[in-house]
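So the structure is just underneath, and the comments pick up after that.
The values are calculated or read from the model by the stated rules, or taken from the named source; none is laboratory data. Computed from a predicted model, the values in this text were never measured in an experiment. Counting neighbours? That spans all protein chains shown, and the Cβs are built from the backbone with ideal geometry, glycine included. Surface accessibility is based on the protein's heavy atoms, side chains included, excluding ligands, DNA and RNA. Shrake-Rupley method; radii C 1.70, N 1.55, O 1.52, S 1.80 Å.
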Amino acid sequence: MSLLTPVEPPASLTDQAVAALRRDILTTRLAPGETLSEAAAAQRLSLGKAPIRAALARLAEEGLVQAVPRRGWVVSLVTIRDIHEVFDLRLLLEPEAARRAAGRVCAEALRRLDAVCAAGYRPEDEESALAFLDANKAFHVAVAELSGNARLARQVDRLLDESTRMLVLGLRRRDRSGEMAHEHHALIEALALGRAAEAGRIMHEQVAASREMVLAALTAPDAAIAV
């Protein structure tokens, strides 16, 4: 390595804790309603209590955890309102992003992402599930970036983070990964051919179908959800 090559500074301990805990919450390794012990989290992540406490405070600002008197920290429940708000915004932003991206797409790049998504979701294999959802997010963010509006792409990125936990819970009850892969293939074709209206329609249908899947799954009697 050249002496002139810049060395990336290591992430702060708090940043490491935030990233690890956020991932565990979004993927429901830490389930909605679960109590979080600072001591247990520090031991599991091999970090001190101070960065864990600071990380939980930051995650509370994001709405992922709540401080509860005499209980410590609790992972926030997923509510019906959360689902509607997140997916309402996705339905406003993502079809428009797809319309703007039509004709500007690098089809080969999206096909590579689509191939990863097509591998499918296996409920019994947590790592395959996480890989599928990571690829699904990357696909949607790539489409938003192709819209040419960086702020739009950043908002879509954040919304997809928020919907990850909802999709994990939903896919455990109904595997829609095959349908999503088919929708991605159709969307790639519309984008590559510059069919803006068709691309917007397909994106709208995909996001709407995902919302219906999540709502159906999370309103089941034994779901960890709050009205």
- Message: Quick check on segment 16-31. Is at least one of its residues part of a helix (DSSP H, G or I), among the hydrophobic types (A, V, I, L, M, F, W, C) and closer than 30 Å to A196 by Cβ?
- Response: no
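Mind checking whether some residue in segment 54-67 is open to solvent by 30 Å² or more (accessible area, probe 1.4 Å), part of a loop (DSSP other than H, G, I, E, B), touching a helix residue (DSSP H, G or I) at 6+ places or on another chain (Cβ under 9 Å) and in contact (Cβ under 8 Å) with a residue 60 or more places away in the chain? Please lay out each step first, then the result.
Taking segment 54-67 and keeping what is open to solvent by 30 Å² or more (accessible area, probe 1.4 Å), we get 54, 57-58, 60-63, 66-67.
Now narrow it down to the ones that are part of a loop (DSSP other than H, G, I, E, B): 62-63.
Okay, now just the ones that are also touching a helix residue (DSSP H, G or I) at 6+ places or on another chain (Cβ under 9 Å), so 62-63.
Narrowing further to those that are in contact (Cβ under 8 Å) with a residue 60 or more places away in the chain: none.
There is no residue in segment 54-67 that is open to solvent by 30 Å² or more (accessible area, probe 1.4 Å), part of a loop (DSSP other than H, G, I, E, B), touching a helix residue (DSSP H, G or I) at 6+ places or on another chain (Cβ under 9 Å) and in contact (Cβ under 8 Å) with a residue 60 or more places away in the chain.
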- Message: Cβ-Cβ under 8 Å, sequence separation 6+ or interchain: first residue in segment 34-53 and more than 20 Å from V68 (Cβ to Cβ), partner of a type in the set (S, T, N, Q) and open to solvent by less than 60 Å² (accessible area, probe 1.4 Å). Which pairs?
- Response: P51/S12; P51/T14
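Restricting to segment 194-210, give me the number of residues that are farther than 14 Å from A102 by Cα and open to solvent by less than 40 Å² (accessible area, probe 1.4 Å).
5
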- Query: Could we say that E34 is among the acidic types (D, E) and over 18 Å from the mean Cα position of the chain (by Cα) here?
  - Reply: yes
